[in-house]
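Readers should treat all values here as calculations from the given coordinates under stated rules, not as data from a laboratory. Bear in mind that the values here come from a model prediction, so they are computed numbers and not experimental data. Here the Cβ positions follow ideal geometry from the backbone for every residue, glycine too, while neighbour counts run over all protein chains shown.
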Amino acid sequence: MAPKYDILVWGATGYSGRLVSRYLSRAAAAKGLTWAVAGRSEEKLARLQDELGGRRAEGVVVGDAGSQRQVDRYLMAPKYDILVWGATGYSGRLVSRYLSRAAAAKGLTWAVAGRSEEKLARLQDELGGRRAEGVVVGDAGSQRQVDRVGEMKEMI
């Protein structure tokens with residue numbers, strides 16, 4: 001499973017990125033946030049981590065923010081381990097009911113997704129105390145909306 005970070009600082013070894021990283025090294029833990037530094041040079045990122053000392057970032061991502069493919073790869077890092085698209089349909093409901101029991105036992109986070117906020121709310125009510133951690137309203141048939149979600153690892 002890919003690492004999960006609340007904040008990813010691209011260009012962390014540049015002037016502004018260093019300032020942001022220094023701030024986050026003090027503030028992130030106090031606010032309960034996880035964070036990572038990112039940039040093109042693994043060597044520069046390692047030096048930055050050394051400068052931050054005991055308050056270093058939880059992760060280091062080597063990549064080029066100028067490469068759309070590389071940026072997309074990290075933006076799609078999971079916020080949820082599993083995202084159930086079409087959760088209010090017949091199969092989606094079955095999967096959601098299974099996950100409502102299995103996800104907690106396996107330490108997985110999951111979300112339900114579909115076009116109707118009302119139907120998703122009813123599904124969450126049906127699941128009761130075992131509801132999904134998140135609800136995403138959108139159309140899986142719309143590539144733009146799928147790209148915007150940016151919080152999925154698996155599509156079921």
- Theoretical gain in end-to-end length, residue 98 to residue 137 [0.36 nm per residue, Cα-Cα removed]: 12.0 nm
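Stretch residue 26-residue 91 to full length: gain in nm at 0.36 nm per residue minus the Cα-Cα span? Intermediate results must be reported in sequence, preceding the final value.
Values: separation 65, 0.36 × 65 = 23.40 nm, distance 4.58 nm.
Length gained, residue 26 through residue 91: 18.8 nm.
Suppose R0 equals 25 Å. What FRET efficiency, 1/(1 + (r/R0)^6) with r the Cβ-Cβ distance, do residue 62 and residue 105 give to the nearest 0.05? It would help to have the intermediate numbers written out before the result.
On the way: r = 35 Å, r/R0 = 1.39.
Calculated transfer efficiency: 0.10.
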